[in-house]
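Accompanying notes for the structure given below.
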Amino acid sequence: MSDWRIYRGAGLPHDGARHLPDPPPWRDFTLSSGSGSGDAEDERGAARRLGVQRQLVENLHPRPEEVEAINAALYLRRPLLVTGNPGTGKSTLAHAVAYELGLGRVLRWPIVSRTALQDGLYHYDAIGRLQDVQLDRAVGGERAERPPIGSYIRLGPLGTALLPQREGQDALPRVLLVDELDKSDIDLPNDLLNVLEEGEFTIRELERSADREPVSDVLTDDGDKVAVTGGLVRCTTFPFIVLTSNGERDFPAALLRRCIQLELKPPTEKQLAAMVTAHLGEEALVEGEEYIRRFLERDAGQVVATDQLLNALYLTQRAAGAERVTRNRLAEMLLRPLDRPR
């Protein structure tokens, strides 16, 4: 019987880590390493999020109400507010839309309790600019030319999504994922209202210097340089924005009325089969039938995420040579309900 373990707990050094198998496709960061062309980067990101074998699956069989809500958001140029339990595919939805419609890399803005609107719009490195000015004066004296202020500004994910289309570009929207908005400070949902309604914002530092530098080149979240005139960023094509929430808080009515709302339910058996096939192949459906059935037949109200099932299928495949009791113990550990009291 082959030993699937890398770490054995024997306290004796060995080179087992050199023989680690390939990671699960959804944890393979070489698929989105940030190198290569933009198209290649989009492909790698889609592979990691949607599955390396997604082309073998017709689609992930979204429910009619999911398709309708996405199209409503596209038609009305409104954000899509997606709620649901952890692991129901809220974040993946943004990547699926970007992949099917050829909208390029998904801009991702992860939200934490300290996140402010400014973090999503742009960052101005005032300290870095001050240091460079002092250095230039030390070398070149008082007549040294001051560095352009745009060199110290980088647009955030939201700021990049609101950039106007460049001349000659198709009027295609960017896709922005605002992940776990319910984790935010109480003020952020309200702070978003004006930007989402008007589709524009002002970079104050560029606005103040517009008489000296009417056009400034700034860095985007993509790492590209773009020209901003007068400090104003105003979209010409409203982005497709997905706001996700695990339902840990309520949002103000002013935000809700500006959004298309969608509640994602746990995946059906058909959706689950498509997901497993996209990530692990057809054989995983057969070899992991027992664990897939256990996932589908869990008690109503139990919160178990689909990526927990994928983890269990992947690891029990790798431990195929282990005793059945070991595989069952691994599956039980990985499929532990998220709402089970500790």
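Laid out as a table, the results:
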| item | result |
| --- | --- |
| Per-region count, segment 1-42, residues among the charged types (D, E, K, R), within 20 Å of the chain's Cα centre (by Cα) and at pLDDT 60 or above | 2 |
| Evaluation of R293 against (1) touching a residue at least 60 places away in the same chain (Cβ under 8 Å); (2) out of contact with any Pro (no Cβ under 7 Å at 6 or more places or on another chain); (3) of a type in the set (D, E, K, R) (one fails), failing number | (1) |
| Selected residue [assigned by TED's automatic domain parsing to the domain that holds A161, touching a residue at least 12 places away in the same chain (Cβ under 8 Å) and either within 16 Å of C259 (Cα to Cα) or surrounded by fewer than 14 Cβ atoms within 10 Å (Cβ to Cβ) (or both)] from P189, P214 | P189 |
| Number of the exception - R336 against (1) buried (at least 20 other Cβ atoms within 10 Å of the Cβ); (2) under 24 Å from W4 (Cβ atoms) | (1) |
| Single match in T237, T220 (criterion: touching a residue at least 12 places away in the same chain (Cβ under 8 Å) and under 22 Å from R129 (Cα atoms)) | T220 |
| The listed residue being at pLDDT 85 or above, over 22 Å from the mean Cα position of the chain (by Cα), within 30 Å of D191 (Cα to Cα) and not aromatic (F, W, Y), out of R294, R329, R257, R249 | R257 |
| Positions within segment 155-184 being part of a loop (DSSP other than H, G, I, E, B) and within 14 Å of C235 (Cα to Cα), in sequence order | L162, L163, P164, Q165, R166, E167, Q169, D170, A171, L172, P173, R174 |
| Qualifying residue in segment 273-286 (condition: under 30 Å from L206 (Cα atoms) and in contact with a helix residue (DSSP H, G or I) (Cβ under 8 Å, 6 or more places away or on another chain)) | no |
| Check on A116, under 12 Å from V242 (Cβ atoms) and assigned by TED's automatic domain parsing to the domain that holds E248 | no |
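The values are calculated or read from the model by the stated rules, or taken from the named source; none is laboratory data. Everything quoted here is computed from the prediction, not taken from an experiment. For neighbour counting, all protein chains shown are included, and Cβ atoms are generated from backbone atoms with ideal geometry for every residue, glycine included.
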